[in-house]
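My questions all concern the structure below.
The values are calculated or read from the model by the stated rules, or taken from the named source; none is laboratory data. Note that the coordinates shown come from a computational prediction; the quantities given were computed from them, not determined experimentally. Cβ placement follows ideal geometry from the backbone for every residue including glycine, while neighbour counts extend to all protein chains displayed. Only protein heavy atoms, including side chains, enter the accessible area calculation; ligands, DNA and RNA are left aside. Shrake-Rupley method; radii C 1.70, N 1.55, O 1.52, S 1.80 Å.
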Amino acid sequence: MRQRIVPSLLLGLLAAGVVISLGVGRYPVSIPEMGAYLGHVLFRLTAMDEQKLQMVSILLLQIRMPRILAAMLVGAALSVSGAAFQAMFVNPLVSPGLLGVLAGASFGAALGMVISTSWLIVQATSVSFGLLAVLLALLLSRFYRGDRILLLVLGGIISGALFTSLLSIVKILADPYSQLPAIVYWLMGGFSMVDGKSALTLAPPIVGGILVLLLLSEKLNVLTMGDEEARSMGIHVTELRITLILTATFISSLTVALGGIIGWVGLVIPHIGRMLVGPDNHILLPVSTLLGALFLLVVDNASRLLFTVEIPIGILTALLGIPVFAVILRTSKKGWS
Amino acid sequence: MELIRAEGVGFTYSGSPVLENVSLSVDKGRIVSLLGPNGSGKSTLLKLLLGIYRPSKGSVLFEGKSVAEMTPRDLAKRIAYVPQTHRMAFAYNVLDVVLMGRSPHKPFFSRYSKEDAEIALHSLERLSIAHLKDRSYTEVSGGERQLTLIARALCQGADTLIMDEPTNGLDFGNQIRLLDRIADLAQDGYTFIKSTHFPDHALWIADDVVMLQEGRVAAAGRPNDVMNEEAVCRLYNTEISILRVKGSVKTCLPRSIADGGYKRRTPRNEHSV
């Protein structure tokens, strides 16, 4: 019963969240104004004076919509990847950054900012190095004999540490007056730089990746039973695990291209999802997706509304995520028996 | 009809041999008990039959086809693994666990259909545990967990069930109920290959028994033919008596018990408190 209600409830909240987020800000747009705007643009029904029309159009389409879209995409991608990773590694402390993707993407973004001023190049280096870090982790885990999952985690630690130290080198070498602040802000995450074009370009691959994870969620259940048991149920364990890892990694690195490094979402949201609908990934993954989108949308509104200066969203997700996580670990024992 | 055949199977793990020259043949609808002391290679042999491990020597055939050449998916439609009841990391519902058995029938990207759910429910009904379907797997009893895993095997569509010490950790009543279920399913044509630490279980319900010792087959055949005192004593390296209880029913007892119970060196003084 709960499993039916929760997704529709989240979907409703998300729709309401989008409308509210479109309206709030330094220049509020009321719901009747939005209605009038929509009526005017779509059906030529309502009259609107030219100046007002232009302002509302810029506010909604160019400033707020891209940001709303980006926040939802990033929240959804990080949460569903986190849920998939936690199941795959059978560990509640796992987040999408486990295999070094965020460390690699941070380094890539910093490198891009030092070698180029083009936004596109920064996004591209960020995604490429995120993937590269995970490939390195996978490669390292192949070197040794033993428990595959443990070796993957170790590979991720090594790869993450490598790219974190490389990031420090780039920071030292960066221009302390222009490049270094940009790098530091990037690492704290935020959607103030998002434009319509990058949100729309990155939306299809992120949505595609999320769909792949959702379609594999039942196989993911089988994988949590252990490699041998999964194989006895006809699962190609390696093939499935690599597909899951690469998909989750790919969409996580795309989130870095959109909003920088935003921590805690991928760790905390799946836990809240599990409290709501239980551990069955078939239902948990879609719920985590919706919950993550909603969460980051709300937090992004807070980041741009709370103070006159925008607070980097990564700081807010950490400040919210840490206490929630501390409470959840106390109460959610039963999901992990 | 012969279902599974192992021919001269050898298996080496990290350089040391675990199994050597193991041959066996399993007919359809039989219950085969695998006996042997700890470390004799029972679990390894089961995993070789399942195709999870590849033999270093020899081959395992399922209906004449080499298991090594069958895909996990094709194999899973015929042979199911019923592991020892384990601690599960996630508190899935019993029905969710049984549904996992549908995996070999689903394409790579897919979601369960209504039909899958019906098959899963039917499998639970087959084992008379449909009432548990919404209970958490981690909260039901050990016996119910084992039945859930058997239901999963049926849901998988397999007709051969490979069980690793299925009665392990169950109380006496649940052990008996589980053996009843196995005998019942074998009547319907299901084939069972199960390892056990209780030679009695082999005497009670097995059609065939394979005795493994240090990675080799020490004896194989009908329990009545091969499970004599000498063979069982040698297998477990202990003095064991096999007693005839009623008609042809036999049971194993430690020889010291069969000979009249333990003789304590000093009789217990019940008045000293």
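Please compute, for peptide B:86-98, the average count of beta-carbon atoms on other protein chains lying within 10 Å of each residue's beta-carbon. Kindly include the intermediate steps, with their values, before the conclusion.
Values: counts 3, 1, 7, 13, 15, 9, 9, 3, 0, 1, 8, 4, 0.
Partner Cβ neighbours, averaged per residue: 6.
Probe radius 1.4 Å, ligands and nucleic acids ignored: give me the carbon and sulfur share of the accessible area of the stretch B:86-156 as a rounded percent.
Working: 1430 of 2760 Å².
C and S atoms contribute 52 percent here.
Let me ask something else. Students sometimes get this wrong: rank B:HIS201, B:HIS105 by accessible area, probe 1.4 Å, all chains present, largest first. The partial results should precede the final answer.
Details: B:HIS201 5, B:HIS105 70 Å².
Highest to lowest solvent-accessible surface, that is B:HIS105, B:HIS201.
Hey, another quick one. Counting DSSP beta bridges in the protein assembly as shown, what percent are antiparallel, to the nearest 5? Present the calculation step by step, with values, prior to reporting the outcome.
Working: 27 of 44 bridges.
The antiparallel fraction comes to roughly 60 percent.
Oh, and also: Picking from B:ALA218, B:ALA76, B:ALA120, which is most flexible by a Gaussian network model of chain B using Cα springs under 10 Å?
Residue with maximal mean-square fluctuation among B:ALA218, B:ALA76, B:ALA120: B:ALA218.
By how many nm would the segment from A:LEU329 to A:LEU61 lengthen if fully extended, with 0.36 nm per residue of separation less the alpha-carbon distance?
Numbers: separation 268, 0.36 × 268 = 96.48 nm, distance 4.05 nm.
Contour length minus Cα-Cα distance gives 92.4 nm.
Would you mind checking the pairs B:LYS106/B:LYS133; A:LYS52/A:LYS197; B:LYS57/B:LYS106; B:LYS42/B:LYS65 and listing those with alpha carbons more than 31 angstrom apart?
Working: B:LYS106/B:LYS133 22 Å; A:LYS52/A:LYS197 24 Å; B:LYS57/B:LYS106 33 Å; B:LYS42/B:LYS65 23 Å.
As for pairs spanning more than 31 Å Cα to Cα, those are B:LYS57/B:LYS106.
Still on this structure, please answer the following. Tell me the carbon and sulfur percent of the accessible area for the stretch A:204-302, rounded to whole percent, probe radius 1.4 Å. Intermediate results must be reported in sequence, preceding the final value.
Numbers: 1740 of 2280 Å².
Solvent-exposed carbon and sulfur of the stretch A:204-302 make up 76 percent of the total.
Report the FRET efficiency, 1/(1 + (r/R0)^6), for B:LYS57 and B:MET1, where r is their Cβ-Cβ distance and R0 is 30 Å, rounded to 0.05.
That gives a FRET efficiency of 0.70.
Let me ask something else about it. Could I have the simple spin-label model distance between A:MET48 and B:ALA218, label points 7 Å from Cα toward Cβ, reported in nm to one decimal?
8.7
While we're looking at this one, here's another question. Roughly how many debye, to the nearest 20, is the charge dipole of the protein assembly as shown about its Cα centre, given +1 on each Lys and Arg Cβ, -1 on each Asp and Glu Cβ, and no other charges? It would help to have the intermediate numbers written out before the result.
Numbers: 55 positive and 46 negative charges, 115 e Å.
Computed about the Cα centre, the dipole is about 560 debye.
Compute for chains A and B the buried accessible surface, both sides summed, probe 1.4 Å, and express it in Å² to the nearest 100.
Interface area, both chains combined: 3100 Å², rounded to the nearest 100.
Something else now. Going by Cα centres, the stretch A:96-153 and the stretch B:38-60 are how many Å apart?
Centre-to-centre distance over Cα atoms comes out at 39 Å.
So, one more: Based on the mean of other Cβ atoms within 10 Å per residue, sort peptides B:2-14, B:204-216 so the most packed one is first.
Working: B:2-14: 16.5, B:204-216: 20.8.
Highest to lowest by the protection proxy: B:204-216, B:2-14.
Which one, A:GLY259, A:MET113, A:VAL194, projects farthest toward the positive side of the charge dipole computed for chain A from Cβ point charges (K/R +1, D/E -1)?
A:GLY259
Counting only other chains, what is the mean number of Cβ atoms within 10 angstrom of the Cβ of each residue in peptide B:71-84? Mind dumping the intermediate values first?
Details: counts 2, 8, 4, 1, 4, 6, 1, 0, 1, 3, 6, 2, 5, 0.
Counting Cβ atoms of other protein chains within 10 Å of each residue's Cβ and averaging gives 3.
Sticking with this one: Determine which aspartates and glutamates satisfy two conditions relative to B:LYS250: a Cα distance under 16 Å, and not lying fewer than 8 residues away in the same chain.
Result set, ordered by chain and number: B:ASP200, B:ASP207, B:ASP208, B:ASP225, B:GLU229, B:GLU230.
At most 13 other Cβ atoms within 10 Å and a DSSP loop assignment: could you name the trypsin sites (Lys or Arg not before Pro) in the stretch A:1-59 that fit? Display every interim value, and only then the final one.
Working: sites: A:ARG2, A:ARG4, A:ARG26, A:ARG44, A:LYS52; in loops: A:ARG26, A:ARG44.
Of the trypsin sites (Lys or Arg not before Pro), the ones in loops of the stretch A:1-59 whose Cβ has at most 13 other Cβ atoms within 10 Å are A:ARG26, A:ARG44.
Among the aspartates and glutamates, select those whose C-alpha is under 19 Å from the C-alpha of A:LYS219, and discard any that sit fewer than 8 residues away in the same chain.
Cα-Cα hits under 19 Å: A:ASP227, A:GLU228, A:GLU229, A:GLU239, A:ASP280, B:ASP74, B:ASP96, B:GLU115, B:ASP116, B:GLU118.
If you don't mind, another one. Ordered by residue, what ³J(HN,Hα) values in Hz, to whole numbers, does the stretch B:130-141 give under the Karplus form 6.51 cos²θ - 1.76 cosθ + 1.60, where θ = phi - 60° and Gly and Pro are x?
4, 5, 8, 4, 9, 7, 6, 4, 6, 9, 7, 6
Can you tell me the accessible area per residue over chain A, all protein chains present, probe 1.4 angstrom, in square angstrom? Before the final figure, lay out each step's value.
On the way: 14960 Å² over 337 residues.
Per residue, chain A has an accessible area of 44 Å².
Now for a separate question. Which order do the peptides A:53-65, B:186-198 come out in when sorted by mean C-beta neighbours inside 10 angstrom, highest first? If you can, show how the numbers build up before the last one.
Numbers: A:53-65: 15.7, B:186-198: 18.5.
Sorting A:53-65, B:186-198 by mean packing, highest first, produces B:186-198, A:53-65.
Next question, about the same structure. Average partner chain C-beta neighbours within 10 Å, per residue of B:133-145? Mind showing how you got there, number by number?
Numbers: counts 0, 0, 0, 5, 1, 5, 2, 0, 0, 0, 0, 0, 0.
The shielding value for this peptide is 1.
Let's see if you can work this out: charge +1 on each Lys and Arg Cβ, -1 on each Asp and Glu Cβ, no other charges. What is the dipole magnitude of the stretch A:2-336 about its Cα centre, in debye to the nearest 20? Working shown, then result.
Numbers: 20 positive and 14 negative charges, 89 e Å.
Dipole about the Cα centre, nearest 20: 420 debye.
For the stretch A:322-327, just list the computed ³J(HN,Hα) in residue order, Karplus coefficients 6.51, -1.76 and 1.60, θ = phi - 60°, integers in Hz, with x standing in for Gly and Pro.
4, x, 4, 4, 4, 6
Right, another one. Placing +1 at every Lys and Arg Cβ and -1 at every Asp and Glu Cβ, with all other atoms neutral, what dipole size does the stretch A:148-279 have around its Cα centre, in debye to the nearest 20? Display every interim value, and only then the final one.
Details: 7 positive and 7 negative charges, 17 e Å.
Here the size comes out at about 80 debye.
Ranked highest first by the average count of other Cβ atoms within 10 Å around their residues, in what order do A:112-122, A:252-262 fall? Please list the in-between numbers first.
Values: A:112-122: 16.7, A:252-262: 26.9.
Highest-to-lowest ranking by the protection proxy: A:252-262, A:112-122.
I'd like the Karplus ³J(HN,Hα) series for the stretch A:33-39: coefficients 6.51, -1.76, 1.60, θ = phi - 60°, whole numbers in Hz, and an x wherever there's a Gly or Pro.
Taking θ as phi minus 60°, the curve returns 4, 4, x, 4, 4, 4, x Hz for the stretch A:33-39.
Can you give me the solvent accessible area of B:GLU118 with a 1.4 Å probe, rounded to the nearest 10 Å²?
Taking all protein chains as shown, B:GLU118 has close to 110 Å².
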